[in-house]
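Down below is the structure, laid out as structure tokens.
The values are calculated or read from the model by the stated rules, or taken from the named source; none is laboratory data. Please read these numbers as outputs of a predicted model, since none were measured by experiment. All Cβ positions, glycine included, derive from the backbone under ideal geometry; neighbour counts span all protein chains shown. Heavy atoms of the whole protein, side chains included, go into the accessibility calculation; ligands, DNA and RNA do not. Shrake-Rupley method; radii C 1.70, N 1.55, O 1.52, S 1.80 Å.
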Amino acid sequence: MQPIAVFDLDGTLVDSAPDLHAALDRLMAARALPGFARAEVVAMIGDGAKVLVERALAARGLPFDQPALEAFLEDYGANAAVETAAFPGIREVVADLVRDGWRLAVCTNKPVSPAITLLRELGLAEHFAAIGGGDSYPTRKPDPAHLLATLRDAGGRAEDAVMIGDHHNDMAAARGAGVRPIFAGWGYGPVAMAAGAPIAATPAGLQPLLARLRHG
């Protein structure tokens, strides 16, 4: 069967922190509250938009409210690709994997609409057989059902798949689904989140690890 590489999005394929940061700061400014440092925003990323907004509001002593989430999603959806860019080396890795016969997919806790928009704006969407967002299915990472549903939609199988991500949610989803994990060491999560998974320090370091898993 054709091997399949499933990528997380934020912190793995793309550095989206600048635009998430800007949208959160605008959300805070609309409430006459101070914005955030980049490190604060990076620590909040990984569990989807609702949790991101919950964490941002909590950091300012406020409870979650649905209008805040809706305002954030509208703003971010219109500005998701202003400063966001693929991590250095990602475009080359993606092109090389497709050339080498890999099927590719994205499994992200980001809502699927801005995920698709972002990948299209960056010229990456065409490489992925499926994009499974945080609202595409009844569950999301770390629930392995999210990864398994993405694999199904991509036409892949768990036994032929590798999950690449920078967050413990990615590693937990992979292990629960019976998918081999690789931790993206260039991303937002501390390397302790790898929890024993192989670590690629840079995107270029992915290819030897993937080749080993493919033929090992």
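A cut-off of 5 Å between modelled amide H atoms, ignoring neighbours fewer than 5 places along the same chain, links residue 85 with 15.
By DSSP, the beta bridges lying fully in the chain are antiparallel in about 10 percent of cases. Of 30, 67, 192, which is farthest on the positive side of the dipole of the chain, counting Cα position, with +1 on Lys and Arg Cβ, -1 on Asp and Glu Cβ, and the Cα centre as origin? The listed residue farthest towards the positive side: 192. Short-range pairs are left out: with C-alpha atoms under 8 Å and at least six residues apart, the relative contact order of the range 34-158 is 21 percent. Computed over the range 128-206, relative contact order equals 24 percent, with contacts defined as Cα pairs under 8 Å that lie 6+ residues apart. Helices in the chain that qualify as membrane-span-like (whole DSSP H runs, Cα extent of at least 20 Å along the helix axis, mean Kyte-Doolittle hydropathy of 0.5 or higher) do not occur. The listed residues 31, 120 rank as 120, 31 when sorted by accessible area, largest first, using a 1.4 Å probe. Surface composition of the chain: carbon and sulfur make up 56 percent of the accessible area, probe 1.4 Å. Amide H to amide H distances under 5 Å link residue 7 with 105, 106, 107, 164, where only residues 5 or more positions off or on other chains count and H is placed in the peptide plane. Taking amide H positions as modeled 1.01 Å from N, with prolines and chain starts lacking one, the residues under 5 Å from residue 180 and 5 or more places away or on another chain are 161, 163. Only helices enter the 222 nm calculation for the chain: every DSSP H run of n ≥ 4 contributes -39,500 (n - 2.57), and dividing by all residues gives -13000 deg cm²/dmol, rounded to 500. For the range 40-119, the square roots a ≥ b ≥ c of the C-alpha gyration tensor eigenvalues yield an a/c of 1.5 or more together with a/b exceeding b/c, which makes the shape prolate. For the range 1-127, a simple Cβ point-charge model (Lys and Arg +1, Asp and Glu -1, everything else neutral) yields a dipole of about 120 debye relative to the Cα centre.
With K and R counted +1 and D and E -1, the other residues having a Cβ less than 12 Å from that of residue 142 yield a net charge of -1.
Electrostatic tally near residue 87: other residues with Cβ closer than 13 Å to its Cβ, Lys and Arg +1, Asp and Glu -1, net -4. Which of rounded, prolate, oblate describes the chain, given a ≥ b ≥ c as roots of the alpha-carbon gyration tensor eigenvalues and a/c under 1.5 marking rounded, otherwise prolate only if a/b is larger than b/c? Prolate is the answer for the chain, as a/c is 1.5 or above and a/b outweighs b/c.
Taking all protein chains as shown and a probe of 1.4 angstrom, residue 50 keeps an accessible surface of around 90 Å².
With contacts taken as Cα pairs under 8 Å at a separation of at least 6 residues, the chain carries a relative contact order of 24 percent. Here the range 53-167 is treated with +1 on each Lys and Arg Cβ and -1 on each Asp and Glu Cβ, and its dipole about the Cα centre works out to around 180 debye. The range 108-128 and the range 180-216 have their alpha-carbon centroids 22 Å apart. Sorted largest first by accessible area at a 1.4 angstrom probe radius, with every protein chain in place, the residues 183, 64 fall in the order 64, 183.
Against the criterion of solvent-accessible heavy-atom surface with a 1.4 angstrom probe, 90, 131 sort, most first, into 131, 90. Think of each Lys and Arg Cβ as +1 and each Asp and Glu Cβ as -1; about the Cα centre, that makes the dipole of the chain roughly 480 debye.
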